[in-house]
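Asker: Have a look at this one before I ask anything.
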Amino acid sequence: MRGWKYALLWLLAVLLRLWNRTLRFEADAETVARLSKCDVPIAFVLWHNRLFISPEIFRRYRTRRPLYGLVSASKDGAWLAAFYRLIGIVPVRGSSSNFGREAGKALIEVMRAGHDIGITPDGPRGPIYEVEPGVLVVTRRNNAPIVLLGAEFGPAKRLRSWDRFYIPWPFTRIKLRCTVLPAKNADGTKVGAAEVQAALRAINPDPPSPSSGAASPPAV
């Protein structure tokens, strides 16, 4: 990608970086330790509508390893792949629909090479706040911990997209939360999608807003 298209993406990336620098993140010592102290490759999981702040979270709290993220192998995905590189995320090309075999294999190889990955379990098209079971294939194959990220926003714009995407206003205060789940439970059983879904909803409050019509996560 070159010319005016790349220039436009570059400007958007600069704007995102500057915007994110103004945000005031709050995280307790336990959350900071979970994000920054772990020396093994981690699968970070967050809802699709929190993606706006994800580059800044990793820039501030997870500087030891590059972050890899899945991008569609389609022609349109080339735009997102280029944008990912500009904001410090390494793109992994593969089919993301229903988290197919191609995508899972690519991310498994990335983790085995010693890198962190980021996963949006309800993306790219929803339903909102529902975990697609296929996303757990990667962590199970690598026996990797699942780090769930939560964010509680101050003033923020909610888009009219399927996930009511969050765009926090500059200088907004954001409370970060973090929960770690093992690939397997103490009794040897695999951690299931329902467990991940419940834990992720618990650390991502989503109060309804009269102006946005946003809905809270469904009860589990």
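Asker: Show that you can apply the helix-only estimate: for the chain, add -39,500 (n - 2.57) for every DSSP H stretch of four or more residues, divide by all residues, and state [θ] at 222 nm to the nearest 500.
Answerer: Result for the chain, helices only: -10000 deg cm²/dmol.
Asker: Taking 0.36 nm per intervening residue step and subtracting the Cα-Cα distance, what contour gain separates Ser36 from Leu51 on full extension?
Answerer: 3.5 nm
Asker: Another question, then. If you take every DSSP beta bridge fully contained in the chain, what fraction is antiparallel? Give it as a percent rounded to 5.
Answerer: In the chain, approximately 40 percent of DSSP beta bridges are antiparallel ones.
Asker: Measure off 7 Å from each Cα along the Cα-to-Cβ vector at Glu102 and Arg140, then give the distance between these two points in nanometres to one decimal.
Answerer: The answer from the label model is 2.2 nm.
Asker: If you find the alpha carbon centre of region 50-89 and of region 99-149, how far apart are they in angstrom?
Answerer: 14
Asker: Quick check: pseudo-label points 7 Å beyond the Cα along Cα→Cβ at Ala78 and Arg21, how many nm apart are they?
Answerer: Spacing of the two 7 Å Cα→Cβ label points: 3.2 nm.
Asker: Okay, next question. Hey, rough spin-label estimate for Leu8 and Trp162, points 7 angstrom out along Cα→Cβ, what's it come to in nanometres?
Answerer: 2.3
Asker: Based on the Cα atoms of the chain, what semi-axes does the equivalent ellipsoid have, where each is the square root of 5 times one gyration tensor eigenvalue, given in whole Å with the largest first?
Answerer: So the equivalent ellipsoid measures 24, 22, 18 Å along its semi-axes.
Readers should treat all values here as calculations from the given coordinates under stated rules, not as data from a laboratory. Computed from a prediction, not measured in an experiment: that's the story for all the values here. Because the Cβ atoms are built from the backbone with ideal geometry, glycine has one as well, and the counts that use them run over all protein chains shown.
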